[in-house]
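J.: Below is one structure. I have some questions about it.
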Amino acid sequence: MSNQTSDNNKRLAKNSLLLYVRMLLTMGISLYTSRVVLSTLGFSDYGIYNVVGGFVAMFSFVNGSMTAATQRFFTIELGKNGDIGTVFNTSRAIHGLLALVIFVLCESVGLWFFYNKMQIPPERMLAAFWTLQCSILATLVVIISVPYNAVIVAHEKMSAFAYISLLEVILKLLIVFLVSWQKYDYLIVYAILMLLVQIAIRLCYSVYCKRNFSETKLPFNVNKKLFYQMLHFAGWTMGGNLAMMTYTQGLNVLLNIFFGPVVNAARGIAVQVQNAIIAFCSNFMVAVKPQITKTFAQNDLDRMHNLIALSSKFSFYMILCVSMPLMLGVKYILNLWLGKVPAYTEVFLVIILCSSMIRSLAEPIITSIHATGNIKRFQLVEGCLLLCILPVSYCVLLLKYPPYSVFIVHLLFEIITQAARVFIVLPQIKMSIKTYLSRVVVPVVIVSFISPIIPICFKNQIVISTFHIFVMILILSMLSVLLSVYVLGINKRERKQLNTIIKNVLNKNKI
(Lines give C-alpha, C1' and ligand atoms only; values in the text may rest on other atoms or scores of the structure.)
Protein backbone atom coordinates (compact mmCIF):
# COMPACT_ATOMS: atom_id res chain seq x y z
CA MET A 1 0.00 0.00 0.00
CA SER A 2 1.44 3.39 -1.01
CA ASN A 3 2.03 6.17 1.51
CA GLN A 4 -0.59 8.34 -0.22
CA THR A 5 -3.22 5.61 -0.03
CA SER A 6 -2.33 4.98 3.61
CA ASP A 7 -2.66 8.71 4.38
CA ASN A 8 -6.02 8.81 2.60
CA ASN A 9 -7.28 5.86 4.63
CA LYS A 10 -6.12 7.43 7.90
CA ARG A 11 -7.76 10.74 7.00
CA LEU A 12 -10.95 8.92 6.05
CA ALA A 13 -10.97 7.05 9.38
CA LYS A 14 -10.25 10.22 11.38
CA ASN A 15 -12.95 12.23 9.60
CA SER A 16 -15.47 9.41 10.01
CA LEU A 17 -14.71 9.17 13.73
CA LEU A 18 -15.14 12.92 14.22
CA LEU A 19 -18.44 12.88 12.39
CA TYR A 20 -19.74 9.93 14.41
CA VAL A 21 -18.84 11.59 17.71
CA ARG A 22 -20.76 14.63 16.47
CA MET A 23 -23.65 12.42 15.44
CA LEU A 24 -23.96 10.70 18.82
CA LEU A 25 -24.03 14.01 20.67
CA THR A 26 -26.38 15.78 18.28
CA MET A 27 -28.72 12.80 17.96
CA GLY A 28 -29.17 12.51 21.73
CA ILE A 29 -29.93 16.23 22.11
CA SER A 30 -32.17 16.31 19.02
CA LEU A 31 -34.31 13.38 20.13
CA TYR A 32 -34.85 14.96 23.54
CA THR A 33 -35.61 18.30 21.89
CA SER A 34 -38.24 16.68 19.66
CA ARG A 35 -40.12 15.31 22.65
CA VAL A 36 -40.26 18.72 24.35
CA VAL A 37 -41.20 20.55 21.12
CA LEU A 38 -44.04 18.11 20.40
CA SER A 39 -45.28 18.45 23.98
CA THR A 40 -45.05 22.27 23.88
CA LEU A 41 -46.55 22.89 20.42
CA GLY A 42 -49.05 20.02 20.36
CA PHE A 43 -49.84 17.72 17.42
CA SER A 44 -51.55 20.37 15.30
CA ASP A 45 -48.93 23.15 15.62
CA TYR A 46 -46.10 20.63 15.25
CA GLY A 47 -47.73 19.42 12.05
CA ILE A 48 -48.19 23.02 10.81
CA TYR A 49 -44.50 23.80 11.40
CA ASN A 50 -43.50 20.59 9.62
CA VAL A 51 -45.66 21.09 6.55
CA VAL A 52 -44.98 24.84 6.20
CA GLY A 53 -41.22 24.33 6.51
CA GLY A 54 -41.44 21.48 4.02
CA PHE A 55 -43.50 23.61 1.66
CA VAL A 56 -40.75 26.25 1.57
CA ALA A 57 -38.20 23.51 0.89
CA MET A 58 -40.17 22.65 -2.27
CA PHE A 59 -39.00 25.95 -3.77
CA SER A 60 -35.36 25.34 -2.84
CA PHE A 61 -34.86 22.09 -4.74
CA VAL A 62 -32.72 24.09 -7.21
CA ASN A 63 -30.35 24.75 -4.32
CA GLY A 64 -29.72 21.02 -3.98
CA SER A 65 -28.54 20.97 -7.58
CA MET A 66 -26.20 23.91 -7.03
CA THR A 67 -24.88 22.33 -3.82
CA ALA A 68 -23.89 19.20 -5.74
CA ALA A 69 -22.32 21.29 -8.50
CA THR A 70 -20.37 23.45 -6.04
CA GLN A 71 -18.98 20.52 -4.08
CA ARG A 72 -18.10 18.65 -7.27
CA PHE A 73 -16.18 21.57 -8.83
CA PHE A 74 -14.37 22.36 -5.56
CA THR A 75 -13.22 18.77 -5.07
CA ILE A 76 -12.17 18.30 -8.70
CA GLU A 77 -10.06 21.49 -8.55
CA LEU A 78 -8.43 20.34 -5.31
CA GLY A 79 -7.70 16.92 -6.81
CA LYS A 80 -5.97 18.66 -9.76
CA ASN A 81 -4.40 21.43 -7.59
CA GLY A 82 -6.46 23.96 -9.56
CA ASP A 83 -7.86 27.44 -8.87
CA ILE A 84 -10.45 26.91 -6.13
CA GLY A 85 -10.66 30.63 -5.34
CA THR A 86 -12.39 31.29 -8.65
CA VAL A 87 -14.77 28.37 -7.99
CA PHE A 88 -15.64 29.83 -4.58
CA ASN A 89 -16.40 33.34 -5.85
CA THR A 90 -18.37 32.07 -8.83
CA SER A 91 -20.46 29.81 -6.63
CA ARG A 92 -21.17 32.73 -4.26
CA ALA A 93 -22.56 34.75 -7.17
CA ILE A 94 -24.74 31.86 -8.34
CA HIS A 95 -26.13 31.19 -4.85
CA GLY A 96 -26.86 34.88 -4.34
CA LEU A 97 -28.97 34.93 -7.53
CA LEU A 98 -30.59 31.65 -6.53
CA ALA A 99 -31.61 33.06 -3.13
CA LEU A 100 -33.25 36.03 -4.87
CA VAL A 101 -35.23 33.79 -7.26
CA ILE A 102 -36.46 31.54 -4.47
CA PHE A 103 -37.49 34.56 -2.37
CA VAL A 104 -39.64 35.86 -5.25
CA LEU A 105 -41.22 32.43 -5.84
CA CYS A 106 -42.04 31.90 -2.18
CA GLU A 107 -43.59 35.33 -1.75
CA SER A 108 -45.74 34.99 -4.86
CA VAL A 109 -46.64 31.42 -5.86
CA GLY A 110 -45.92 30.24 -2.32
CA LEU A 111 -48.33 32.65 -0.66
CA TRP A 112 -51.07 31.81 -3.17
CA PHE A 113 -50.72 28.09 -2.48
CA PHE A 114 -50.55 28.72 1.29
CA TYR A 115 -53.87 30.59 1.39
CA ASN A 116 -55.77 28.55 -1.20
CA LYS A 117 -54.62 24.92 -0.96
CA MET A 118 -53.15 24.08 2.44
CA GLN A 119 -55.34 22.66 5.21
CA ILE A 120 -54.69 24.83 8.28
CA PRO A 121 -57.21 25.59 11.05
CA PRO A 122 -58.52 29.19 10.59
CA GLU A 123 -57.51 30.20 14.11
CA ARG A 124 -53.87 29.22 13.37
CA MET A 125 -53.53 30.99 10.00
CA LEU A 126 -51.70 34.02 11.46
CA ALA A 127 -49.20 31.84 13.29
CA ALA A 128 -48.74 29.70 10.18
CA PHE A 129 -48.14 32.85 8.08
CA TRP A 130 -45.29 34.06 10.30
CA THR A 131 -43.91 30.52 10.43
CA LEU A 132 -43.87 30.59 6.63
CA GLN A 133 -41.99 33.91 6.56
CA CYS A 134 -39.37 32.69 9.04
CA SER A 135 -38.97 29.45 7.09
CA ILE A 136 -38.40 31.42 3.87
CA LEU A 137 -35.69 33.56 5.47
CA ALA A 138 -34.05 30.51 7.08
CA THR A 139 -33.97 28.80 3.68
CA LEU A 140 -32.28 31.83 2.10
CA VAL A 141 -29.63 31.78 4.84
CA VAL A 142 -28.94 28.10 4.16
CA ILE A 143 -28.62 28.78 0.41
CA ILE A 144 -25.98 31.50 0.74
CA SER A 145 -24.04 29.27 3.17
CA VAL A 146 -23.51 26.50 0.60
CA PRO A 147 -20.18 27.75 -0.86
CA TYR A 148 -18.65 27.95 2.61
CA ASN A 149 -19.80 24.44 3.55
CA ALA A 150 -18.53 23.11 0.21
CA VAL A 151 -15.05 24.50 0.93
CA ILE A 152 -14.96 22.69 4.26
CA VAL A 153 -16.05 19.38 2.72
CA ALA A 154 -13.58 19.67 -0.17
CA HIS A 155 -10.72 20.27 2.27
CA GLU A 156 -11.99 17.35 4.42
CA LYS A 157 -11.94 19.50 7.58
CA MET A 158 -14.73 17.55 9.26
CA SER A 159 -13.85 18.80 12.75
CA ALA A 160 -15.49 22.11 11.79
CA PHE A 161 -18.78 20.32 11.12
CA ALA A 162 -18.44 18.44 14.39
CA TYR A 163 -18.02 21.54 16.54
CA ILE A 164 -20.41 23.88 14.73
CA SER A 165 -23.13 21.22 14.49
CA LEU A 166 -22.82 20.60 18.20
CA LEU A 167 -23.27 24.32 18.80
CA GLU A 168 -26.36 24.24 16.57
CA VAL A 169 -28.13 21.48 18.52
CA ILE A 170 -27.26 23.15 21.84
CA LEU A 171 -28.84 26.39 20.61
CA LYS A 172 -31.92 24.47 19.49
CA LEU A 173 -32.12 22.88 22.93
CA LEU A 174 -32.05 26.33 24.52
CA ILE A 175 -34.83 27.40 22.15
CA VAL A 176 -37.08 24.64 23.48
CA PHE A 177 -36.80 25.97 27.02
CA LEU A 178 -37.20 29.60 25.95
CA VAL A 179 -40.39 28.75 24.04
CA SER A 180 -41.91 26.86 26.96
CA TRP A 181 -41.11 29.67 29.41
CA GLN A 182 -42.53 32.61 27.41
CA LYS A 183 -46.23 33.61 27.23
CA TYR A 184 -46.62 34.54 23.55
CA ASP A 185 -47.68 32.28 20.68
CA TYR A 186 -45.48 29.17 20.94
CA LEU A 187 -45.39 28.48 17.20
CA ILE A 188 -44.44 32.02 16.16
CA VAL A 189 -41.72 32.34 18.80
CA TYR A 190 -40.33 28.91 17.92
CA ALA A 191 -40.13 29.82 14.21
CA ILE A 192 -38.38 33.15 14.94
CA LEU A 193 -35.82 31.57 17.25
CA MET A 194 -35.08 28.79 14.73
CA LEU A 195 -34.39 31.49 12.13
CA LEU A 196 -31.96 33.22 14.51
CA VAL A 197 -30.12 29.92 15.04
CA GLN A 198 -29.67 29.52 11.28
CA ILE A 199 -28.22 33.04 11.06
CA ALA A 200 -25.81 32.35 13.94
CA ILE A 201 -24.61 29.08 12.40
CA ARG A 202 -24.18 30.79 9.03
CA LEU A 203 -21.89 33.37 10.66
CA CYS A 204 -19.86 30.61 12.36
CA TYR A 205 -19.16 28.84 9.07
CA SER A 206 -18.28 32.13 7.38
CA VAL A 207 -15.81 33.15 10.10
CA TYR A 208 -14.21 29.68 10.17
CA CYS A 209 -13.68 29.66 6.39
CA LYS A 210 -12.22 33.16 6.28
CA ARG A 211 -9.73 32.26 9.02
CA ASN A 212 -8.65 28.91 7.55
CA PHE A 213 -9.00 28.98 3.75
CA SER A 214 -7.25 31.65 1.71
CA GLU A 215 -9.59 31.19 -1.28
CA THR A 216 -12.49 32.63 0.75
CA LYS A 217 -10.59 35.91 1.25
CA LEU A 218 -9.78 36.63 -2.41
CA PRO A 219 -11.33 39.70 -4.14
CA PHE A 220 -14.75 38.95 -5.59
CA ASN A 221 -14.35 37.76 -9.17
CA VAL A 222 -16.77 35.76 -11.34
CA ASN A 223 -15.45 33.53 -14.13
CA LYS A 224 -18.13 33.59 -16.83
CA LYS A 225 -17.05 30.30 -18.41
CA LEU A 226 -17.08 28.54 -15.04
CA PHE A 227 -20.39 30.25 -14.20
CA TYR A 228 -22.09 28.61 -17.19
CA GLN A 229 -20.31 25.28 -16.61
CA MET A 230 -21.64 25.12 -13.04
CA LEU A 231 -25.13 26.14 -14.16
CA HIS A 232 -25.06 23.49 -16.89
CA PHE A 233 -24.05 20.80 -14.40
CA ALA A 234 -26.66 22.00 -11.89
CA GLY A 235 -29.30 22.08 -14.62
CA TRP A 236 -28.90 18.36 -15.24
CA THR A 237 -28.80 17.48 -11.54
CA MET A 238 -31.98 19.50 -11.05
CA GLY A 239 -34.16 16.62 -12.26
CA GLY A 240 -32.98 14.34 -9.47
CA ASN A 241 -33.35 17.06 -6.84
CA LEU A 242 -36.81 17.97 -8.13
CA ALA A 243 -37.75 14.31 -7.81
CA MET A 244 -36.32 14.17 -4.29
CA MET A 245 -38.39 17.21 -3.36
CA THR A 246 -41.56 15.51 -4.62
CA TYR A 247 -41.18 12.35 -2.55
CA THR A 248 -40.21 14.26 0.60
CA GLN A 249 -41.91 17.64 0.80
CA GLY A 250 -44.38 16.94 -1.99
CA LEU A 251 -45.75 13.91 -0.16
CA ASN A 252 -45.89 15.98 3.01
CA VAL A 253 -48.10 18.58 1.30
CA LEU A 254 -50.18 15.78 -0.27
CA LEU A 255 -50.81 14.26 3.17
CA ASN A 256 -51.83 17.70 4.45
CA ILE A 257 -54.36 18.16 1.64
CA PHE A 258 -55.96 14.74 2.18
CA PHE A 259 -55.65 14.25 5.95
CA GLY A 260 -54.70 17.53 7.70
CA PRO A 261 -51.85 18.64 10.02
CA VAL A 262 -52.08 15.78 12.57
CA VAL A 263 -50.93 13.26 9.93
CA ASN A 264 -48.15 15.73 9.06
CA ALA A 265 -47.09 15.53 12.70
CA ALA A 266 -46.90 11.72 12.44
CA ARG A 267 -44.84 12.00 9.28
CA GLY A 268 -42.61 14.65 10.89
CA ILE A 269 -41.83 12.39 13.85
CA ALA A 270 -41.04 9.43 11.59
CA VAL A 271 -38.78 11.58 9.40
CA GLN A 272 -36.97 12.95 12.45
CA VAL A 273 -36.09 9.43 13.57
CA GLN A 274 -35.12 8.60 10.00
CA ASN A 275 -32.81 11.62 9.83
CA ALA A 276 -31.12 10.63 13.09
CA ILE A 277 -30.47 7.13 11.76
CA ILE A 278 -29.37 8.31 8.32
CA ALA A 279 -26.72 10.31 10.16
CA PHE A 280 -24.88 7.01 10.60
CA CYS A 281 -24.71 6.72 6.82
CA SER A 282 -24.38 10.37 5.85
CA ASN A 283 -21.52 11.06 8.27
CA PHE A 284 -19.56 8.21 6.71
CA MET A 285 -20.43 9.41 3.20
CA VAL A 286 -19.46 13.02 3.95
CA ALA A 287 -15.96 11.69 4.67
CA VAL A 288 -15.93 9.31 1.65
CA LYS A 289 -17.38 11.58 -1.07
CA PRO A 290 -14.33 13.87 -1.48
CA GLN A 291 -12.07 10.84 -1.85
CA ILE A 292 -14.30 9.23 -4.49
CA THR A 293 -14.23 12.46 -6.50
CA LYS A 294 -10.48 13.02 -6.02
CA THR A 295 -9.59 9.46 -7.05
CA PHE A 296 -11.51 10.00 -10.29
CA ALA A 297 -9.74 13.32 -10.90
CA GLN A 298 -6.42 11.49 -10.37
CA ASN A 299 -7.55 8.60 -12.65
CA ASP A 300 -7.15 6.08 -9.80
CA LEU A 301 -10.19 4.03 -10.84
CA ASP A 302 -9.29 0.88 -8.89
CA ARG A 303 -9.38 2.76 -5.60
CA MET A 304 -12.52 4.58 -6.70
CA HIS A 305 -14.29 1.25 -7.39
CA ASN A 306 -13.15 -0.11 -4.04
CA LEU A 307 -14.44 2.98 -2.22
CA ILE A 308 -17.82 2.69 -3.98
CA ALA A 309 -18.24 -0.99 -3.06
CA LEU A 310 -17.15 -0.59 0.57
CA SER A 311 -19.07 2.63 1.24
CA SER A 312 -22.26 1.23 -0.35
CA LYS A 313 -22.13 -1.93 1.69
CA PHE A 314 -21.17 -0.46 5.04
CA SER A 315 -23.64 2.44 4.71
CA PHE A 316 -26.39 -0.15 4.32
CA TYR A 317 -25.13 -2.26 7.24
CA MET A 318 -24.98 0.77 9.54
CA ILE A 319 -28.59 1.73 8.89
CA LEU A 320 -29.73 -1.91 9.19
CA CYS A 321 -27.94 -2.33 12.52
CA VAL A 322 -29.77 0.64 14.06
CA SER A 323 -33.09 0.26 12.25
CA MET A 324 -33.80 -3.38 13.09
CA PRO A 325 -34.26 -2.95 16.88
CA LEU A 326 -36.35 0.18 16.26
CA MET A 327 -38.62 -1.70 13.85
CA LEU A 328 -39.07 -4.59 16.28
CA GLY A 329 -39.82 -2.32 19.24
CA VAL A 330 -41.32 0.64 17.38
CA LYS A 331 -44.44 1.00 19.55
CA TYR A 332 -42.56 0.79 22.84
CA ILE A 333 -39.75 3.15 21.84
CA LEU A 334 -42.11 5.82 20.46
CA ASN A 335 -44.22 5.75 23.63
CA LEU A 336 -41.06 5.90 25.77
CA TRP A 337 -39.67 8.79 23.75
CA LEU A 338 -42.80 10.92 23.19
CA GLY A 339 -45.51 9.60 25.48
CA LYS A 340 -48.44 10.14 23.11
CA VAL A 341 -47.88 9.77 19.38
CA PRO A 342 -50.15 10.64 16.44
CA ALA A 343 -51.87 7.85 14.53
CA TYR A 344 -49.88 6.14 11.76
CA THR A 345 -46.50 7.16 13.24
CA GLU A 346 -45.40 3.54 13.77
CA VAL A 347 -46.15 2.28 10.27
CA PHE A 348 -44.76 5.48 8.70
CA LEU A 349 -41.48 4.94 10.53
CA VAL A 350 -41.06 1.27 9.57
CA ILE A 351 -41.65 1.89 5.85
CA ILE A 352 -39.48 5.03 5.78
CA LEU A 353 -36.58 3.15 7.38
CA CYS A 354 -36.81 0.45 4.68
CA SER A 355 -36.62 3.18 2.03
CA SER A 356 -33.59 4.67 3.80
CA MET A 357 -31.70 1.39 3.53
CA ILE A 358 -32.22 1.31 -0.23
CA ARG A 359 -31.31 4.99 -0.53
CA SER A 360 -28.01 4.39 1.33
CA LEU A 361 -26.83 2.29 -1.62
CA ALA A 362 -27.40 5.21 -4.00
CA GLU A 363 -25.10 7.86 -2.53
CA PRO A 364 -21.72 6.37 -3.59
CA ILE A 365 -23.01 5.77 -7.13
CA ILE A 366 -24.40 9.31 -7.39
CA THR A 367 -21.10 10.75 -6.14
CA SER A 368 -19.17 8.78 -8.77
CA ILE A 369 -21.32 9.91 -11.69
CA HIS A 370 -21.09 13.52 -10.48
CA ALA A 371 -17.30 13.17 -10.49
CA THR A 372 -17.38 12.29 -14.20
CA GLY A 373 -19.51 15.32 -15.08
CA ASN A 374 -21.36 13.17 -17.67
CA ILE A 375 -24.73 13.19 -15.94
CA LYS A 376 -27.30 13.94 -18.66
CA ARG A 377 -28.63 10.40 -19.23
CA PHE A 378 -28.38 9.51 -15.54
CA GLN A 379 -30.39 12.53 -14.42
CA LEU A 380 -33.07 12.04 -17.05
CA VAL A 381 -33.72 8.43 -16.05
CA GLU A 382 -33.44 8.96 -12.28
CA GLY A 383 -35.53 12.11 -12.35
CA CYS A 384 -38.31 10.59 -14.46
CA LEU A 385 -38.56 7.50 -12.26
CA LEU A 386 -38.64 9.40 -8.98
CA LEU A 387 -41.01 12.06 -10.30
CA CYS A 388 -43.56 9.27 -10.76
CA ILE A 389 -43.85 8.91 -6.97
CA LEU A 390 -46.06 11.98 -6.47
CA PRO A 391 -48.69 11.35 -9.20
CA VAL A 392 -48.89 7.64 -8.36
CA SER A 393 -49.31 8.50 -4.67
CA TYR A 394 -52.02 11.02 -5.55
CA CYS A 395 -53.91 8.34 -7.50
CA VAL A 396 -53.54 5.90 -4.60
CA LEU A 397 -55.01 8.43 -2.16
CA LEU A 398 -57.87 9.21 -4.56
CA LEU A 399 -58.70 5.49 -4.38
CA LYS A 400 -59.16 5.94 -0.59
CA TYR A 401 -56.07 4.01 0.47
CA PRO A 402 -54.65 4.88 3.94
CA PRO A 403 -51.91 7.51 4.44
CA TYR A 404 -49.07 4.97 4.70
CA SER A 405 -49.74 3.81 1.13
CA VAL A 406 -47.74 6.79 -0.23
CA PHE A 407 -44.64 5.53 1.57
CA ILE A 408 -45.10 2.06 0.10
CA VAL A 409 -45.18 3.68 -3.34
CA HIS A 410 -41.99 5.54 -2.47
CA LEU A 411 -40.26 2.32 -1.36
CA LEU A 412 -41.14 0.49 -4.60
CA PHE A 413 -39.89 3.33 -6.80
CA GLU A 414 -36.71 3.63 -4.72
CA ILE A 415 -35.89 -0.02 -5.51
CA ILE A 416 -36.60 0.43 -9.24
CA THR A 417 -34.55 3.62 -9.40
CA GLN A 418 -31.55 2.06 -7.65
CA ALA A 419 -31.49 -0.73 -10.23
CA ALA A 420 -31.51 1.88 -13.00
CA ARG A 421 -28.64 3.80 -11.34
CA VAL A 422 -26.46 0.68 -11.29
CA PHE A 423 -26.96 -0.17 -14.96
CA ILE A 424 -26.42 3.44 -16.12
CA VAL A 425 -23.52 4.59 -13.95
CA LEU A 426 -21.18 1.60 -13.61
CA PRO A 427 -20.29 1.34 -17.32
CA GLN A 428 -19.42 5.06 -17.33
CA ILE A 429 -16.91 4.67 -14.49
CA LYS A 430 -15.60 1.37 -15.96
CA MET A 431 -16.78 -0.73 -13.03
CA SER A 432 -18.13 -4.20 -13.77
CA ILE A 433 -21.83 -4.66 -12.96
CA LYS A 434 -21.06 -8.29 -12.11
CA THR A 435 -18.44 -7.13 -9.60
CA TYR A 436 -20.91 -4.69 -8.03
CA LEU A 437 -23.60 -7.34 -7.75
CA SER A 438 -21.22 -9.86 -6.14
CA ARG A 439 -19.48 -7.38 -3.82
CA VAL A 440 -22.50 -5.27 -2.80
CA VAL A 441 -25.95 -6.53 -3.76
CA VAL A 442 -25.58 -10.23 -2.92
CA PRO A 443 -24.00 -9.68 0.54
CA VAL A 444 -26.55 -6.96 1.39
CA VAL A 445 -29.51 -9.17 0.44
CA ILE A 446 -28.14 -12.17 2.37
CA VAL A 447 -27.49 -10.13 5.52
CA SER A 448 -30.93 -8.49 5.25
CA PHE A 449 -32.72 -11.87 5.23
CA ILE A 450 -30.52 -13.78 7.68
CA SER A 451 -29.88 -11.23 10.43
CA PRO A 452 -33.55 -10.63 11.47
CA ILE A 453 -34.42 -14.32 11.94
CA ILE A 454 -33.28 -14.78 15.56
CA PRO A 455 -34.47 -11.34 16.81
CA ILE A 456 -37.91 -11.85 15.24
CA CYS A 457 -38.24 -15.33 16.76
CA PHE A 458 -37.27 -13.93 20.16
CA LYS A 459 -39.71 -11.00 19.86
CA ASN A 460 -42.58 -13.33 18.97
CA GLN A 461 -42.12 -15.11 22.30
CA ILE A 462 -42.36 -11.97 24.48
CA VAL A 463 -44.08 -8.59 24.75
CA ILE A 464 -41.83 -5.52 24.76
CA SER A 465 -43.31 -3.80 27.78
CA THR A 466 -40.27 -2.75 29.82
CA PHE A 467 -37.00 -1.01 29.09
CA HIS A 468 -34.79 -3.99 29.93
CA ILE A 469 -36.70 -6.20 27.46
CA PHE A 470 -36.19 -3.58 24.75
CA VAL A 471 -32.48 -3.44 25.60
CA MET A 472 -32.35 -7.22 25.17
CA ILE A 473 -33.95 -6.88 21.72
CA LEU A 474 -31.54 -4.05 20.90
CA ILE A 475 -28.44 -6.04 21.85
CA LEU A 476 -29.68 -9.23 20.18
CA SER A 477 -30.52 -7.38 16.95
CA MET A 478 -27.19 -5.60 16.75
CA LEU A 479 -25.22 -8.76 17.53
CA SER A 480 -27.20 -10.63 14.90
CA VAL A 481 -26.44 -7.98 12.27
CA LEU A 482 -22.76 -7.74 13.20
CA LEU A 483 -22.30 -11.51 13.16
CA SER A 484 -24.12 -11.82 9.82
CA VAL A 485 -21.99 -9.04 8.35
CA TYR A 486 -18.75 -10.61 9.59
CA VAL A 487 -19.59 -14.11 8.31
CA LEU A 488 -21.69 -13.38 5.21
CA GLY A 489 -21.51 -9.66 4.45
CA ILE A 490 -17.80 -9.14 3.71
CA ASN A 491 -15.29 -11.00 1.57
CA LYS A 492 -12.05 -12.68 2.71
CA ARG A 493 -9.85 -9.66 2.05
CA GLU A 494 -12.19 -7.30 3.92
CA ARG A 495 -12.43 -9.79 6.80
CA LYS A 496 -8.63 -10.02 6.97
CA GLN A 497 -8.33 -6.22 7.07
CA LEU A 498 -10.96 -6.06 9.81
CA ASN A 499 -9.13 -8.72 11.85
CA THR A 500 -5.93 -6.70 11.56
CA ILE A 501 -7.67 -3.55 12.83
CA ILE A 502 -9.19 -5.46 15.78
CA LYS A 503 -5.81 -6.97 16.68
CA ASN A 504 -4.12 -3.56 16.57
CA VAL A 505 -6.79 -2.08 18.85
CA LEU A 506 -6.46 -4.98 21.33
CA ASN A 507 -2.66 -4.74 21.34
CA LYS A 508 -2.84 -1.00 22.07
CA ASN A 509 -5.23 -1.65 24.95
CA LYS A 510 -2.81 -4.21 26.43
CA ILE A 511 -0.08 -1.63 26.45
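J.: Once you order the gyration tensor axes a ≥ b ≥ c over the Cα atoms, which shape class does the stretch 267-422 get: rounded for a/c under 1.5, otherwise prolate or oblate by comparing a/b with b/c?
T.: Oblate shape, in that a/c is at least 1.5 and b/c is the bigger or equal ratio.
J.: Give the aspartates and glutamates reachable from residue 289 as a straight Cα distance under 13 Å; neighbours fewer than 8 places away on the same chain don't count.
T.: 156, 363
J.: Show 401, 190 ordered by accessible area, largest first, where the area counts protein heavy atoms only and the probe is 1.4 Å.
T.: The most accessible residue leads, giving 401, 190.
J.: Taking the radius of gyration and the Kirkwood hydrodynamic radius from Cα positions alone, what is the Rg/Rh ratio for the stretch 80-187, to two decimal places?
T.: Rounded to two decimals, Rg/Rh equals 1.09.
J.: Classify the stretch 110-167 as rounded, prolate or oblate from the Cα gyration tensor: take a ≥ b ≥ c as the square roots of its eigenvalues, call it rounded if a/c is under 1.5, otherwise prolate when a/b beats b/c and oblate if not.
T.: Since a/c reaches 1.5 and a/b is larger than b/c, the shape of the stretch 110-167 is classed as prolate.
J.: For the stretch 363-454, just the Cα set please: Rg and Dmax, both in angstrom.
T.: Cα radius of gyration and Dmax of the stretch 363-454 are 16.2, 46 Å respectively.
J.: Quick one: with all protein chains in place, what share of the accessible area of the stretch 110-174 is carbon or sulfur, to the nearest percent (1.4 Å probe)?
T.: 69
J.: While we're on this one: Past 24 Å, Cα to Cα, is the threshold; run 157/294; 225/376; 459/492 against it and keep the listed order.
T.: In this structure, 459/492 exceed 24 Å between Cα atoms.
J.: How much net charge surrounds residue 385 when only the other residues with a Cβ under 11 Å from the Cβ of residue 385 are counted, with Lys and Arg +1 and Asp and Glu -1?
T.: Value of the local net charge: -1.
J.: Mind putting together the pair-distance distribution for the stretch 288-376? All Cα pairs, 10 Å bins, whole percent per bin, short to long.
T.: 16, 34, 22, 17, 10, 1
J.: Another question about this same structure. If you rank 307, 203 by how much accessible surface each has, with a 1.4 Å probe, what is the order from largest down?
T.: Result of the area sort, largest leading: 203, 307.
J.: Another question, then. Within the stretch 473-493, list the residues whose amide N lies under 18 Å from a label point set 7 Å along Cα→Cβ of residue 454.
T.: Within reach of a label on residue 454: 473-490.
The values are calculated or read from the model by the stated rules, or taken from the named source; none is laboratory data. Keep in mind that what you see is a predicted model, and the values were worked out from it rather than measured. Here the Cβ is made from the backbone with ideal geometry for all residues, glycine too, and neighbour counts use every protein chain on show. Only protein heavy atoms, including side chains, enter the accessible area calculation; ligands, DNA and RNA are left aside. Shrake-Rupley method; radii C 1.70, N 1.55, O 1.52, S 1.80 Å.
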